[in-house]
């Protein structure tokens, strides 16, 4: 196990009716800016619950944060926050709204060119507005971590940043808010957390037995309850479990003391920036191909994944180690397909031309040595994309 | 899944050499009281590392905190802290030293009779000195939670208390500090976390699939690495894994949104208070008997435990559900015995007279309705102890 330092200060308020708890979670004197997206919170009752809970606090609003939050939109929000002397942000929505709110929180306090925040990955953030979140679309884990991804369409860039000042003070996870989600969003909420776990788990062994088993536990839980949650859209318990899985997949815990990959995400980000695929769709496309291309380097953990997550063992599956590894990758692909996320570029009407374009973008963004061993060069990324055609 | 609110602010500094990190984790201007036990930290190099890391900060010391920390000792420490105008406590030791430091932190700020802190279970704590810990004996999980147990020998009482003000600001987990532990302490560090998980897991199902799988992951990890850690006392990786298991077993995470039992602990506390058994020894005695006596109420989770943790399934084990449950309990008993914790009262030279004495104590301490359904009456506790003879 590698050395690590871990602290996660976010308070989780989990369960039916917990939106009301923001009444005590936000300081009474706070000047609040409520940040949200396209307005679905006005249709599903979340907005009304928030306004009721905030009572007579001063609340301004900023709506229109996009599905991949746009730099220019967020800068406008930061301007509004400064102008209105806002001292607390409240995000209501999914990962994009919460990611966007993290940027607004930092940008509202930042002196100088805000683009520098993204160029420096957030290391230059010295101050940020405090904020909380009300999660309505579980997937990204943003509600309990300090990371964020911001989009700048004009230059086709999707840029991650993070800073300990960007942990939400609290996040409300009320599974009832997810009962009205469209199927596609629920699909994303199954695939995205699954791949978050894989990025932190499927690398090479470092003797971190407990982290492995916790990661396997989250994967098993997503596999056991994800398809059921899709099939039973009114089932609170299943939604609750998927919601908590999504948070636990990326709150830092399972990544403590282990190598991490993230090449699937970096390649996937370019597919979203170029072609507008949902983030989770890009992961469903890139991951299986990535595992196939790098199966030698990931040999030991892939065998462990096959055995512990998919119960593919030497005893019950004929053939070589490689056969069992391939069987586990096929299971993974089939799982993505079953929950509604096709796993090939062609399923999204993309072909060879997309490969060249993605490689070009990776090069521009200096993503030339990805993965847990920094050996995913542009040539390897090309191989992965080719395997995903 | 039940509703829950969860926040754990403790920073974990994990790994070889991390004691040095207290140099930045403790404020430069702090007036520190170093709290420790019998002085083993002076023999294993921990004390020297602490003093070196603290540099020219003002440090006073309080040593002699007992294995089950004594109320009167801790009150003396609180007096010393007040007298020396201490504003930061640093615990160095195992769960007893950290538990004791939590009480000192609260008692040093408490107006009125400090015994009230224990009578009220800590709910009346309004202020506490900030503190950090350097863990040298993983077992209790005190390093990343806000609970504590204090002993008062004169009245044979072992009293738990807790308060959010009693989370350590940081805890250093350096597995090298555990390499010199006596076998008995390592045994305790395997059995205690195992039973902590069981108390939060083996109750009745509430649809919390993820929490179940995380709990099962910790149990599997303790089973996989505990005996090896005993057999290979110089193996850093194994010690590191057991250390992290012990913390994760009781930092609140797996207990979120699920019913909890804790009757094994409450009965066990009385055995320690009366006869001086190690805490983990009492758990090894009480747990198997407890599971046998309450196997109907715990039927579903016991079957799940048998299948997922011990791989005892209908397919590979003949007989009824009850046969498989009994097989899982036997496996649990054998595991405790294998790691050095005998599971019968007679192994500790206790017989019928102990049962009467424990029941008497439970009654005095109002422990008359224990367990996840509050149905462990004195009669049930007596049945459990009888089954443990």
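Computed from the coordinates by the stated procedures, all read-outs in this text should not be read as laboratory data. Here the structure is a predicted model, which means the values were calculated and not measured. Cβ coordinates were reconstructed from backbone atoms using ideal geometry, including for glycine residues, and neighbour counts include every protein chain displayed.
Computed values, structure above
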{"item": "Per the axis that maps chain A onto chain B, nearest residue of A (Cβ criterion) and its distance in Å", "result": "A:217, 2"}
{"item": "Prolate/oblate/rounded label for the stretch A:272-383 (Cα gyration tensor, a/c 1.5)", "result": "oblate"}
{"item": "Global geometry of the stretch A:132-208, whether rounded, prolate or oblate, following the gyration tensor of its Cα atoms and the 1.5 cut on a/c", "result": "rounded"}
{"item": "R0 of 45 Å, Cβ-Cβ distance residue B:124-residue B:236: FRET efficiency to nearest 0.05", "result": "0.60"}
{"item": "Between helix B:236-249 and chain B: long-axis angle, C-alpha atoms, 0 to 90°, nearest 10", "result": "80"}
{"item": "Prolate/oblate/rounded label for the protein assembly as shown (Cα gyration tensor, a/c 1.5)", "result": "prolate"}
{"item": "Degrees between helix A:279-293 axis and first principal axis of chain A (Cα, 0 to 90, nearest 10)", "result": "30"}
{"item": "Label-point separation in nm, residue B:224 to residue B:109, each point 7 Å along Cα→Cβ", "result": "4.1"}
{"item": "Inter-copy spacing of residue B:297 label points, which lie 7 Å from Cα along Cα→Cβ, given in nm from shortest upward", "result": "5.3"}
{"item": "Alpha carbon centroid spacing (whole Å) that separates the stretch A:206-264 from the stretch B:211-232", "result": "19"}
{"item": "Shielding of B:331-343 by partner chains, average beta-carbon count, 10 Å", "result": "0"}
{"item": "Net lengthening on full extension, residue A:2/residue A:58 (0.36 nm per residue, minus Cα-Cα)", "result": "15.5 nm"}
{"item": "Stretch gain in nm, segment residue A:85-residue A:274, where the contour uses 0.36 nm per residue and the Cα spacing is subtracted", "result": "64.4 nm"}
{"item": "Protection-proxy order for peptides A:253-265, A:346-358, each taking the mean of Cβ atoms within 10 Å per residue, highest first", "result": "A:253-265, A:346-358"}
{"item": "Modelled label reach - residue A:179, point 7 Å along Cα→Cβ, the stretch A:32-54 residues with backbone N closer than 13 Å", "result": "A:44-46"}
{"item": "Test item: A:10-19 mean partner chain Cβ contacts at 10 Å", "result": "4"}
{"item": "Ellipticity estimate at 222 nm from DSSP helix runs (n ≥ 4, -39,500 (n - 2.57)) divided over chain A, nearest 500", "result": "-15000 deg cm²/dmol"}
{"item": "Label 7 Å beyond Cα on the Cβ vector: residue A:204 copy-to-copy distances, nm", "result": "5.0"}
{"item": "Stokes-Einstein D for the stretch A:183-387, Kirkwood Rh over Cα pairs, 20 °C, 1.002 mPa s (µm²/s)", "result": "125"}
{"item": "Approximate spin-label separation residue B:360-residue A:373, in nm, with each point projected 7 Å along Cα-to-Cβ", "result": "6.7"}
{"item": "Shielding of A:215-227 by partner chains, average beta-carbon count, 10 Å", "result": "4"}
{"item": "Relative contact order for the stretch A:183-387, counting Cα pairs under 8 Å that sit 6 or more residues apart, in percent", "result": "27"}
{"item": "Spread of Cα-to-Cα distances over 20 Å intervals beginning at zero, given as percent, for chain B", "result": "29, 59, 12, 0"}
{"item": "R0 of 25 Å, Cβ-Cβ distance residue A:344-residue A:299: FRET efficiency to nearest 0.05", "result": "0.55"}
{"item": "Nearest-first distances (nm) between copies at residue B:17, label 7 Å from Cα via Cβ", "result": "5.2"}
{"item": "Inter-label distance for residue B:315 and residue A:314, nm, one decimal - labels placed 7 Å from Cα along Cα-to-Cβ", "result": "1.9"}
{"item": "By average C-beta atoms within 10 angstrom, highest first, the peptides A:371-378, A:222-229, B:88-95", "result": "B:88-95, A:222-229, A:371-378"}
